[in-house]
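Colleague: Structure in structure tokens, see below.
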Amino acid sequence: MPSRDGFTRSRVLIRSDYLGHLTSAGREALTAYGVSVVIDLRSASEVLSKPNPFADGTAARYLNHELIDDANMNNIGDSKSMLARYLFIVDNRPHAFRDVLTSVAQAEGGVLVHCFAGKDRTGLVAAMLLSLAGVPVEHIAADYGETDSQLARQYEVWISEAEPEKRDAFRQELRCPPDRILGVLEHIDRRWGGVEDYLEASGMTPETIDRLSTRLA
């Protein structure tokens with residue numbers, strides 16, 4: 001992906017949905033690809049309900065950093081839009097982003113970051129990382145929008161499982177329009193002065209921010 005210094009590095013970061021569907025061959029393939037750390041962004045109740053197959057630590061180091069905890073998960077449901085939900089997470093959970101991104105900065109080898117669907121929580125983390133790496137906002141937005149293509153078949157499964165009268169609204173909720181992540185980055189710029197200042201305000205050290213910004217660059 002284009003960045004201020006050319007292109008971002010490959011095999012550094014993977015964002016994914018829940019990993020429980022992976023076969024043993026799939027887990028071995030991730031290890032062979034270079035994934036040394038798996039960061040699970042799901043809440044405690046989600047992890048308890050669907051344990052992570054990497055939690056035994058045999059294939060990669062496993063970390064559970066709740067990007068939004070169970071208590072706030074209930075509050076987020078009152079948001080009027082998906083953008084409002086994203087901004088709620090950004091405004092109320094800076095320490096959670098600090099913990100996730102500190103682990104990315106400290107990792108040796110590739111990092112896989114996942115939540116349940118692999119689009120909202122992981123989308124926010126990926127956008128911050130790409131911003132730090134100097135990727136232009138239009139490319140960050142395009143990367144986020146590509147989620148719809150990657151998850152199109154899974155969307156249809158989820159929609160088919162919803163109550164018929166709720167399917168149209170659910171379809172819109174699942175979408176990842178590029179202007180949503182642009183709205184998040186614009187909000188961070190207005191309130192904090194950018195992703196780097198947001199992370200510094202969260203308590204991340206300048207040294208860790210520098211290391212993080214060079215992980216993908």
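Colleague: PRE reach from Arg191 (point 7 Å along Cα→Cβ): which of the stretch 108-151 fall under 19 Å by backbone N?
Modeller: In the stretch 108-151, the label zone of Arg191 (backbone N under 19 Å from the point 7 Å along Cα→Cβ) covers 120-132.
Colleague: What order, most packed first, do the peptides 24-33, 56-65, 132-141 have when packing is the mean number of other Cβ atoms within 10 Å of each residue? Kindly include the intermediate steps, with their values, before the conclusion.
Modeller: On the way: 24-33: 12.7, 56-65: 15.3, 132-141: 18.4.
Output ranking for 24-33, 56-65, 132-141: 132-141, 56-65, 24-33.
Colleague: Could you tell me what fraction of 2.2 N^0.38 Å the Cα radius of gyration of the stretch 1-146 comes to, as a two-decimal ratio? Working shown, then result.
Modeller: On the way: Rg = 15.2 Å, N = 146, 2.2 N^0.38 = 14.6 Å.
For the stretch 1-146, the normalised Cα radius of gyration comes out at 1.04.
Colleague: Could you check the spin-label model distance between Lys80 and Glu28? Points 7 Å from the Cα along Cα→Cβ, value in nm.
Modeller: Each label point lies 7 Å from its Cα, and together they span 5.4 nm.
Colleague: Taking Lys166 as the anchor, which lysines have their alpha carbon closer than 19 Å to its alpha carbon, excluding any fewer than eight residues away along the same chain?
Modeller: Lys80
Colleague: With the full set of protein chains in place, find how many percent of the accessible area of the stretch 1-124 is carbon and sulfur; take the probe as 1.4 Å. Write out the running numbers ahead of the final one.
Modeller: Numbers: 2980 of 5820 Å².
Carbon and sulfur: 51 percent of the exposed surface of the stretch 1-124.
Colleague: May I pose another question? What nm distance separates the two modelled labels at Glu146 and Leu48, each placed 7 Å from Cα along Cα→Cβ?
Modeller: Computed distance between label sites Glu146 and Leu48 equals 3.7 nm.
Colleague: How high is the relative contact order of the chain? Use alpha-carbon pairs under 8 Å, at least six apart in sequence, and give a whole percent. Walk me through the intermediate numbers first.
Modeller: On the way: 289 pairs, mean separation 64.3, N = 217.
So the answer I get is 30 percent.
Colleague: Which value in deg cm²/dmol, rounded to the nearest 500, describes the helix-derived mean residue ellipticity at 222 nm for the chain, given -39,500 (n - 2.57) per DSSP H run of n ≥ 4 and division by the residue count?
Modeller: Working: 13 runs with 124 residues, N = 217.
It comes out at -16500 deg cm²/dmol, rounded to the nearest 500.
Colleague: Next up: Given the peptides 38-49, 114-125, arrange them by the average over their residues of other C-beta atoms within 10 Å, most packed first. Walk me through the intermediate numbers first.
Modeller: Working: 38-49: 18.5, 114-125: 22.6.
Ranked by mean Cβ neighbours within 10 Å, highest first: 114-125, 38-49.
Colleague: Where a ≥ b ≥ c are the square roots of the eigenvalues of the C-alpha gyration tensor, would you call the stretch 138-212 rounded, which needs a/c under 1.5, or, failing that, prolate if a/b is larger than b/c, or oblate?
Modeller: Numbers: a/c = 2.80, a/b = 2.59, b/c = 1.08.
Note, shape of the stretch 138-212 comes out prolate.
Colleague: Which aspartates and glutamates does Lys50 reach when only Cα atoms under 19 Å apart count, and residues fewer than 8 places away in its own chain are ignored?
Modeller: Asp17, Asp40, Glu66, Asp69, Asp70, Asp120, Glu161
The values are calculated or read from the model by the stated rules, or taken from the named source; none is laboratory data. Since the model is a prediction, treat every value here as computed from it, not as a measurement. With ideal geometry, Cβ positions are generated from the backbone for all residues, glycine too; neighbour counts draw on all protein chains shown. Remember, those area values only see protein heavy atoms, side chains included, never the ligands or the DNA or RNA. Shrake-Rupley method; radii C 1.70, N 1.55, O 1.52, S 1.80 Å.
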